[in-house]
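Have a look at the structure below before the remarks.
Only the coordinates and a few stated rules stand behind these numbers; no lab work does. All of these numbers come straight from a predicted model, not from anything done at the bench. Cβ: placed from backbone, ideal geometry, glycine included. Neighbour counts: every protein chain shown.
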Amino acid sequence: MGIVKAFNMQPYSGRLIIPGEEALEGEMLFMAVGNNRFAGGDFDVAPLASMDDGLLDVAVVRMPSGFALRQLEREAEGPMNPDNQILYYRQLPEFSIESDRKLHCNLDGEPILKKRLRFSVLPKFLQLVY
């Protein structure tokens, strides 16, 4: 179902801004942010995420010219590979996402429209009992 929905999505021009690094700019099809592996419905969107590592995982599916679904599938096998052209996956304490137009976002089940989103994590902020 995810692939069917992806074919109906329109890419947007945006920027992933990481403090101290050059921004990742271009046409993007999909972006997911998490501090846990799974999103609603048990979708494994951040396979390397850990709730207690003090990092947020961000996965970006880019739309370079010549986009190929098979290449995306290969890159998903090694999401942290710096040579990936379509899938960009990082673990970061903070970053921002910007676009020239408002983006349709889903933040924990709440739909919003924003041009700029800033993400950061407060490590060890919640005390959990196991």
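Here are some notes:
- Candidates Arg74, Arg15, Arg90, ranked by Gaussian network fluctuation over the chain, Cα under 10 Å, top entry: Arg74
- Seen from Arg116, the other residues with C-beta closer than 13 Å to its C-beta sum to a net charge of +4, counting Lys and Arg as +1 and Asp and Glu as -1.
- Neighbourhood charge, 14 Å Cβ-Cβ cut-off, centred on Leu55 and excluding it, Lys, Arg +1 and Asp, Glu -1: -1
- Peptide ranges 105-112, 60-67, 123-130 listed from the most packed, as the mean C-beta count within 10 angstrom indicates: 60-67, 105-112, 123-130
- Extension reserve of the Val129-Ala32 stretch, reckoned as 0.36 nm per residue once the Cα distance is removed: 32.2 nm
- Applying Stokes-Einstein at 4 °C and 1.567 mPa s to the Kirkwood radius of the chain, computed over alpha-carbon pairs, gives a translational diffusion coefficient of 83 µm² s⁻¹.
- When the Cα positions of Gly34, Gln10, Gly78 are compared along the charge dipole of region 2-120, Gln10 comes out farthest toward the positive end, with charges on each C-beta of Lys, Arg, Asp and Glu.
- Computed over neighbours whose Cβ is under 10 Å from that of Asp100, the net charge equals +3, Lys and Arg +1, Asp and Glu -1.
- Rounded to the nearest 20, the Cβ-based charge dipole of the chain about its Cα centre (Lys and Arg +1, Asp and Glu -1) stands at 420 debye.
- Working from Cα pairs under 8 Å separated by at least six residues, relative contact order for region 39-130 is 27 percent.
- With a Cα cut-off of under 25 Å and a minimum spacing of 8 residues unless on different chains, the lysine pairs in the chain number 5.
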